[in-house]
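Trainee: Once you've had a glance at the structure underneath, I'll fire off some questions.
The values are calculated or read from the model by the stated rules, or taken from the named source; none is laboratory data. Keep in mind the model is a prediction, meaning the values are calculated, not measured. Don't worry about glycine lacking a Cβ; one is built from the backbone with ideal geometry, like all the others, and counts go over all protein chains shown. When the accessible area is computed, the model is the full protein with side chains, heavy atoms only, and any ligands, DNA or RNA have been set aside. Shrake-Rupley method; radii C 1.70, N 1.55, O 1.52, S 1.80 Å.
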Amino acid sequence: SNPSSLPNLARAVRERTTVPVSRLAEARVSILDPDFFNYPYVYLNGHGTIRLTEAEAQRLRSYLLSGGFLFADDNYGLDASLRSEIRRVFPDRDLVAIPFSHPIYHCFYDLPDGPPKIHEHDGKPSEGLGIFDGDRLMVFYTYQADIGDGLEDPEVHQDPAEVREAAMRMAVNTVVYALSR
């Protein structure tokens, strides 16, 4: 889903930050791909169900504990399966609410209220949840926010510029945070 989201995010990171970006096109990589560990930042979003094999769950755990970062964005409908699969990856850790004081909300842009609400689905507030390794956030999960939709080209959802900008600021922060820890 959201085919223009990652190219738009890559362009924004290139233009707004000092993070070097060598390509704008999305790179798709499987957890079992030999190059998986070469990607310090992985983005997962969608509407439906995800299922990890046991090998994928173990490899994702190893990746994350080795310094990798996963930004998971519920694009509405992913929540139940994501929570279930993350529990398989980290049976010993819970997804916890990320306090608004956490650096992911302040490392580049100041987002004092946490993840912005991009699209309304169930009347619930947006949430930022995560899993930590010590004090390092290694999984950041936005629920009821729909950040990826806000990153899409303007004509896709006809979101106002300020809504798209809020989504972009959250996404840029995830990249800056992931690559600076």
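Trainee: What are the residues in segment 150-164 that are in a helix (DSSP H, G or I) and over 19 Å from Leu24 (Cβ atoms), if any?
Mentor: Correct list: His157, Ala161, Glu162, Val163.
Trainee: Identify the single condition in (1) out of contact with any Asp or Glu (no Cβ under 9 Å at 6 or more places or on another chain); (2) small (Gly, Ala, Ser); (3) surrounded by 14 or more Cβ atoms within 10 Å (Cβ to Cβ) that Ala25 does not satisfy, given that it satisfies every other one.
Mentor: Going through (1) out of contact with any Asp or Glu (no Cβ under 9 Å at 6 or more places or on another chain); (2) small (Gly, Ala, Ser); (3) surrounded by 14 or more Cβ atoms within 10 Å (Cβ to Cβ) one by one, Ala25 breaks only (3).
Trainee: Follow-up. Return the pair list, or none, for Cβ contacts closer than 9 Å from residues in segment 127-152 that are farther than 14 Å from Tyr43 by Cα and open to solvent by less than 10 Å² (accessible area, probe 1.4 Å) to residues that are assigned to a strand (DSSP E or B) and acidic (Asp, Glu), at least 6 apart or on different chains.
Mentor: Matching pairs, first to second residue: Gln144/Asp74; Gln144/Glu127; Ala145/Asp73; Ala145/Asp74; Ala145/Glu127.
Trainee: Which residue, of Ile118, Ile50, Ile104, is within 26 Å of Arg23 (Cβ to Cβ), open to solvent by less than 30 Å² (accessible area, probe 1.4 Å) and assigned to a loop (DSSP other than H, G, I, E, B)?
Mentor: Ile118
Trainee: Taking the options Leu65, Leu32, Leu9, name whichever one is in contact (Cβ under 8 Å) with a residue 40 or more places away in the chain and open to solvent by 30 Å² or more (accessible area, probe 1.4 Å).
Mentor: Leu65
Trainee: Could I ask something else about it? May I ask you to verify whether Leu111 is at pLDDT 95 or above, buried (at least 17 other Cβ atoms within 10 Å of the Cβ) and out of contact with any Ser or Thr (no Cβ under 6 Å at 6 or more places or on another chain)?
Mentor: yes
Trainee: If Gly114 satisfies all but one of (1) under 15 Å from the mean Cα position of the chain (by Cα); (2) within 21 Å of Glu56 (Cβ to Cβ), what's the number of the condition it fails?
Mentor: (2)
Trainee: Then there is this: Give the residues of segment 165-181 that are surrounded by fewer than 17 Cβ atoms within 10 Å (Cβ to Cβ) and part of a helix (DSSP H, G or I), sorted by residue number.
Mentor: The answer is Glu165, Leu179, Ser180.
Trainee: Can you work out which of the residues in segment 81-101 that are free of Cβ contacts under 8 Å to residues at least 12 places away in the same chain and not polar (S, T, N, Q) is surrounded by the most Cβ atoms within 10 Å (Cβ to Cβ)?
Mentor: Arg87
Trainee: Scan segment 12-22 for residues that are part of a helix (DSSP H, G or I) and surrounded by 14 or more Cβ atoms within 10 Å (Cβ to Cβ) and jot them down.
Mentor: Answer for segment 12-22, where residues must be part of a helix (DSSP H, G or I) and surrounded by 14 or more Cβ atoms within 10 Å (Cβ to Cβ): Ala12, Val13, Arg14, Arg16.
Trainee: Another question, if that's okay. Can we say Tyr43 is on the phi > 0 side of the Ramachandran plot and either in a loop (DSSP other than H, G, I, E, B) or open to solvent by less than 60 Å² (accessible area, probe 1.4 Å) (or both)?
Mentor: The answer is no for Tyr43.
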